[in-house]
1. First check a/c for segment 73-223, with a ≥ b ≥ c the square roots of the eigenvalues of its C-alpha gyration tensor; if it is under 1.5, answer rounded, and if not, answer prolate when a/b is larger than b/c or oblate otherwise.
2. Cα-based count: Lys pairs in the chain below 26 Å, eight or more positions apart or different chains?
3. Using a cut-off of 10 Å between beta-carbons, work out the net charge of the residues near Gly211 (Lys and Arg +1, Asp and Glu -1, Gly211 not included).
4. For segment 348-388 and segment 277-321, what is the separation of their C-alpha centers, rounded to whole Å?
5. Charges at C-beta only: +1 for Lys and Arg, -1 for Asp and Glu. How large is the resulting dipole of segment 284-355 about its Cα centre, in Debye rounded to 20?
6. At a 10 angstrom cut-off on C-beta neighbours, averaged per residue, how do the peptides 155-163, 40-48 rank from highest to lowest?
7. Along the positive direction of the dipole of the chain (beta-carbon charges: Lys, Arg +1; Asp, Glu -1; about the Cα centre), which of Gln284, Ser5, Phe65 reaches farthest?
8. Please list the non-local residues whose amide H lies under 5 Å from the amide H of Tyr151, H modeled 1.01 Å from N, same-chain partners needing a gap of 5 or more.
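The numbers here are math on the coordinates, done by the rules we state, and not lab data. Quick caveat, the model's predicted, so the values are computed rather than measured. Because the Cβ atoms are built from the backbone with ideal geometry, glycine has one as well, and the counts that use them run over all protein chains shown.
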Amino acid sequence: MLLLSVSWLDVAVFLAFLTFHLVASCFFLRAVYTAIRALPFLLVQLPCQLVKQRWLTPAELQLPFTRRTTVFQDVVIRCLRWGFKEMPSDVGRIFFCKGVAVPYLRFRMWRSGYPTPGRGGCPGWTEMEQGALRGLWISHDAAARPDLVLYYIHGGGFTMGSSYFYLEFLLTWCSILRSRGGFKNPAVFALEYTLVPDAVYPVQLQQTLRGYRYVLSRAGDPGLVAVGGDSAGAMLVLSLLLHLGAHSRSETPMFAALISPWTHLLLEENRNTPSDFLDSGRLQEFGLRYAGCEDPYQPSVSPGECRDATLWRDSVPRRGLGFYYGSEELFVPGIRELRGRLETLGARVVAREKEEVHCWPVAGMFLEMEEGRRRKGLVEMSADITEALLCE
């Protein structure tokens, strides 16, 4: 399953759902104020940047990401950069919420010929709620026992994002795991954790652990489990692995897929780059809000700070872990540092570094035009999971 590439019609429909939800959520006036603040950027800065960097700069002097992207992709990334730095997180949260993401996905599915989830080669999803645990169970056959469960934790700087926003990405991943990964009935469990400031550390880690216990109960064997996450979600995955290494080594998963992981909560070397849409100052703000009253350099809060070689050896998944990130993203120094440290310890590490920005395997599935490029990141991660779980 792969939905049609995003069109201007999709953009218009998304904005319509977003506007309706902003009004319904009483955020409309704040959103209008934010939009007014964005006008100088949209009308002056953005066009000037595009003209200067895409058409007045010789190709050999352009940034690698600029050379390989379309104008549409470039515009979206520049707008994301402005929004990440300037938009209030409570307004930004609406962009990714269930009330916007689900109707938008259903429209895209209808437009792509998949009117009913769970039919025609399209996986279905079920909302799962057990006490304080919430999430989405995605599979082709929910009644049958899965031969792989991918436990996924979404990103968003701990302040934004939802599992619903990632549904299209995860539905496609589930389909690829079955069609090209060699699994008969793969499943994905996407955790819906509490965002900051509604809760701070350790609540998100506790919810991550609770979700992992649920995944183990559905899989029946940690040998059938892989974990994955992007950005802040990948940081929670690393914290989960360290906890399992310290307390439940026998329950560690087989593989971990880390997409642009936020490895160190605060790291001076993680600086703004010309291409990426992340902003170091805003990330520091998000990181401190997530840590709450805890030391932001504590390894359970910031897993990249863990220097205990024995603990890392006990924490790395049985068949290793993969880093999937862009060479032009802000998190590169921290990712390379942790990746190198784990390789030195003898861990099996898959590293796929591309000339891309933050979380391109996720963003590219929406922004790339060619089918092969749209699914490339998912195909590579699926191949690594297959090798880890099915190959001796």
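1. On the way: a/c = 2.06, a/b = 1.23, b/c = 1.68.
In terms of gyration-tensor shape, oblate.
2. Working: Lys52/Lys85; Lys52/Lys354; Lys85/Lys98; Lys85/Lys354; Lys184/Lys376; Lys354/Lys376.
Lysine pairs meeting both conditions in the chain amount to 6.
3. Working: positive: Arg134, Arg210, Arg213; negative: Glu192.
Neighbour charge sum, excluding Gly211 itself: +2.
4. First find each Cα centre; the distance between them is then 23 Å.
5. Numbers: 11 positive and 12 negative charges, 97 e Å.
It comes to approximately 460 debye.
6. Taking the mean over residues of other Cβ atoms within 10 Å, the ranking is 155-163, 40-48.
7. Of Gln284, Ser5, Phe65, it is Ser5.
8. Phe189, Ala226, Val227, Gly228
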